[in-house]
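The values are calculated or read from the model by the stated rules, or taken from the named source; none is laboratory data. Because the structure is a prediction, the values reported are computed rather than measured. Neighbour counts run over all protein chains shown; Cβ positions are idealised from the backbone, glycine included.
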Amino acid sequence: MTSSIRGTNLLSLDGLSRDAIVEILEVADSFVEVNRRTIKKVPALKGRVVASIFFEESTRTRLSFETAAKRLSADVLSLAVASSSVKKGESLRDTISTIDALGIDAVVMRHGSSGAALQVSRYVPHVSVINAGDGQHQHPTQGLLDVYTIREVLAERHGTTGREGGADLLRDLHVLIVGDIRHSRVARSDVAAFGAMGAHVRLAAPGSLLPDDVASWPADVANDFDEALEWADVVGLLRLQKERGSGAYVPSLREFTRTHGLTAERARRLRPGALIMHPGPMNRGVEIDSRVADQANSVVERQVANGVPIRMAVLYLCVAGLASGAE
Amino acid sequence: MTTRLVVRGGVVVGPKTVAPADVVIEGGRITAVGENLDVPSRSRVVDASGCWVGPGFVDIHTHLREPSVNECDTIESGARAGAIGGYCALVAMPNTEPALDSAALVAYVLQLGARTPLDVAVAGAITKGRLGESLAPMAEMAALGVRLFTDDGRAVDDPSVMRRALTYAKPLGVRLAQHCEDERLAGGGAMNEGALSSRLGLVGRPALAEELMVMRDIELAALTGGSVHFMHLTTARSMDLLRAARARGLDVTAEVTAHHVTLDESLCEGFDPIYKVHPPLRTVADVAALRRALVDGTVDAVATDHAPHSPESKDLPFDEAPPGMLGLEHAAALVYEALGGGDCDPRRFFDLLSRAPARIAQLRSSDQPVGLSGHGSDVLVGDDANLVIFDPSSQWRINRDALHSRTANTPYHERLVIGRVRATIAKGHLVVEDGELT
């Protein structure tokens, strides 16, 4: 168990302790305020260089990370690798070494292969590596911002702040994760994050979209999606990963929607106050009905907004933590 | 002047007996075996004190990578690695570029092999281009001495093609070797399928992909009366299937690799492609079942599946990196470990590494392979002098930078092992002495 990400990497939420997660959430609390200022900038990472390397297309995660880095006053090197040397057969080690030679403190990277961020962390042990999504493995900051968002909403309901209400707000919470769990790095990070905070996690998916050996996961599997909706305090929907061949795992999108889409009719089964999450981008009309996506209990926009303070917290802890250790 | 070699002070490991004896070699053959023989003048003495003296190892599963577009290793360097590892004969796999699917290509590899101190035999492809569609000219290749055929790297997927190949091969007196993985079930997978692959988000290669192919080919062997050799089996259930097939009297043989009896899937946790191999490293329980099968005779032979890969290709992400690892130079030490170290029965050790593989690949002197010497001998007077002198008490640390292949993709870097090849005598010549090439 890792008890703090201070001065290290963030590669996976699997194996991250509750304390480590709470530390990130609390540092993020302090950055929320920065984002409300007219001048949205603190000098925490002034003079530091953060390389953002996305081997896979992304707009929202990349924008969110780069915004976070800039608000910490870091210099951002943004490299579009998806269309460059990698396509010419350059090895991961060479790509990273080239970027490292420019002088960097952190790498934020997304890659289509599971484990790529961990591999890179071995090539550049002196640099903090922050995983922005690796294949079907992990998307740690998504898991963190999901936990952060739910904690924030629950704290508001209790009339406290997240810090006062603490992480205990998530204990025994019923979290239902629905959809293409098999191919989802978000599901793997959410299961780890909510699990670490003491929540009950249940999975609902067509049988073919459940992961292999699901019995080994720290979550149970819903027998009946409709019943599970009545059980849930939080419903996390996932996009069907068509680019990973998910299309072949269900007979048709129509049938997927019929069996596992959060239609308007199904949404009526939800408990009052149950929250709906989605990591985006949404396929409206497939996994989620358009009206449901815009309902008051949908926290999709708050997830996006919270992405920035969470990523600021992660960058700050990983990079500034390094400096304090070196001094 | 021919050099007379005297292997002195060792313990000769025959198929039944293990007894102290000196071995005299002259003109490529064993000319005397006995205790405390007089050393004739003008003899070169090879010190074998504390060592086992047995038939040189035979690897029926070596990737020598020649010819290929991007040669990361060669027959010459592969043979050097083999000699260091105690091997006197290597069977080159046909998954080269182009595939060894014609008499001309087989002749080319045999010719390059003949320039090495070892015997290099060739396994021909079963199907043209290893595409699994139409039969390669097996009879023409058999005429050059090819006795083992395989599309290794992949299985012959289509059962009707495999059936046809078995019936065609039968009167040729050759054996078909199968890479047992149903690619339609294992396809796209990078490691063993299970809780770990699920957690790591890596696509798995299920044990069933292997076992289905073993089941299918057992039934095809029954149907055709053909001879099937199962390559690099990895699962506990495959061992059970093998026992059941033997009980039916079918002509099936099987190998396991040294890595599948010494490494398990947990090594994939760090996403280091050095541990990527097909079939994949399996569970601890599978490793234990394979070790039992090594001891009880269910498994006939240990092969290396020696597979050089360039460093850059092993620096790719886990799912993109090519499968395969080096084996020739440290297989014997690992087999010694898997057989129980100090409890290792030397007869079983030499059965697995030499006698059984020589029988499977028809490389014994009685098989009279074209242009090659006899392997897997009983170490008797008159046998071709292919011998290894193995020190079962020597401890050493495997070092990837000290290997003789052109690549360094060993998963055992810095592992401490016991048992080292002190000397290799191939075709009557001392090619390795004190663990170094002469």
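State whether the residues of segment B:50-65 include one that is of a type in the set (D, E, K, R), farther than 20 Å from residue B:13 by Cβ and out of contact with any Pro (no Cβ under 9 Å at 6 or more places or on another chain). Taking every residue of segment B:50-65 in turn, none turns out to be of a type in the set (D, E, K, R), farther than 20 Å from residue B:13 by Cβ and out of contact with any Pro (no Cβ under 9 Å at 6 or more places or on another chain). If you check residue A:123 against the conditions, is it surrounded by fewer than 23 Cβ atoms within 10 Å (Cβ to Cβ), touching a residue at least 12 places away in the same chain (Cβ under 8 Å) and aromatic (Phe, Trp, Tyr)? When the stated conditions are applied, residue A:123 passes them. Residues in segment B:302-351 that are touching a Lys or Arg at 6+ places or on another chain (Cβ under 6 Å), within 14 Å of chain A (Cβ to nearest Cβ) and in a helix (DSSP H, G or I): 1 in all. Just to be sure, is residue A:133 within 16 Å of the chain's Cα centre (by Cα), modelled with pLDDT under 95 and closer than 26 Å to residue A:14 by Cα? For residue A:133, the condition - within 16 Å of the chain's Cα centre (by Cα), modelled with pLDDT under 95 and closer than 26 Å to residue A:14 by Cα - is not met.
Look at (1) in a loop (DSSP other than H, G, I, E, B); (2) polar (S, T, N, Q); (3) at pLDDT 95 or above and you find that residue A:58 fails only one, number (3). Restricting attention to segment B:388-438 and to residues that are assigned to a strand (DSSP E or B) and among the hydroxyl-bearing types (Ser, Thr, Tyr), the residue that is surrounded by the most Cβ atoms within 10 Å (Cβ to Cβ) turns out to be B:424. Residues that are small (Gly, Ala, Ser), within 29 Å of residue A:56 (Cα to Cα) and in a loop (DSSP other than H, G, I, E, B) were ranked within segment A:220-270; the one that is nearest to the other protein chains (Cβ to nearest Cβ) is A:245.
Could you say whether any residue in segment B:184-194 is crowded, with 24+ Cβ neighbours inside 10 Å, at pLDDT 95 or above and either touching a Phe, Trp or Tyr at 6+ places or on another chain (Cβ under 7 Å) or among the basic types (Lys, Arg) (or both)? Scanning segment B:184-194 turns up at least one residue that is crowded, with 24+ Cβ neighbours inside 10 Å, at pLDDT 95 or above and either touching a Phe, Trp or Tyr at 6+ places or on another chain (Cβ under 7 Å) or among the basic types (Lys, Arg) (or both). Would it be correct to say that residue A:207 is surrounded by fewer than 17 Cβ atoms within 10 Å (Cβ to Cβ), small (Gly, Ala, Ser) and at positive phi? For residue A:207, the condition - surrounded by fewer than 17 Cβ atoms within 10 Å (Cβ to Cβ), small (Gly, Ala, Ser) and at positive phi - is not met.
Kindly provide the set of residues from segment B:242-276 that are surrounded by fewer than 21 Cβ atoms within 10 Å (Cβ to Cβ), part of a helix (DSSP H, G or I) and either away from chain A (no Cβ under 14 Å) or not hydrophobic (A, V, I, L, M, F, W, C) (or both), ordered by number. Answer for segment B:242-276, where residues must be surrounded by fewer than 21 Cβ atoms within 10 Å (Cβ to Cβ), part of a helix (DSSP H, G or I) and either away from chain A (no Cβ under 14 Å) or not hydrophobic (A, V, I, L, M, F, W, C) (or both): B:243, B:244, B:246, B:247, B:266, B:269, B:270. One residue alone among A:42, A:34, A:108, A:50 is more than 12 Å from chain B (Cβ to nearest Cβ), in a helix (DSSP H, G or I) and within 17 Å of residue A:310 (Cβ to Cβ), and that residue is A:34. Keeping to segment A:224-259, report how many residues are within 21 Å of residue A:191 (Cα to Cα) and either touching a strand residue (DSSP E or B) at 6+ places or on another chain (Cβ under 6 Å) or modelled with pLDDT under 95 (or both). Residues flagged as within 21 Å of residue A:191 (Cα to Cα) and either touching a strand residue (DSSP E or B) at 6+ places or on another chain (Cβ under 6 Å) or modelled with pLDDT under 95 (or both) within segment A:224-259 amount to 14. Looking only at segment B:107-122, residues that are part of a strand (DSSP E or B) and without any contact (Cβ under 8 Å) to a residue 60 or more places away in the chain come to 2 in all. Among the residues making up segment B:158-199, those that are in a helix (DSSP H, G or I), among the small types (Gly, Ala, Ser) and within 14 Å of chain A (Cβ to nearest Cβ) are B:186, B:195, B:197, B:198. Within this structure, residue B:403 passes the test of being at pLDDT 95 or above and in contact with an Asp or Glu (Cβ under 6 Å, 6 or more places away or on another chain). Considering each residue of segment A:249-267 in turn, none proves to be surrounded by fewer than 23 Cβ atoms within 10 Å (Cβ to Cβ), under 19 Å from the mean Cα position of the chain (by Cα) and either closer than 27 Å to residue A:115 by Cβ or of a type in the set (Phe, Trp, Tyr) (or both). Among the residues of segment A:141-151, are any at pLDDT 95 or above and within 14 Å of chain B (Cβ to nearest Cβ)? Looking for residues that are at pLDDT 95 or above and within 14 Å of chain B (Cβ to nearest Cβ), one finds at least one in segment A:141-151, hence yes.
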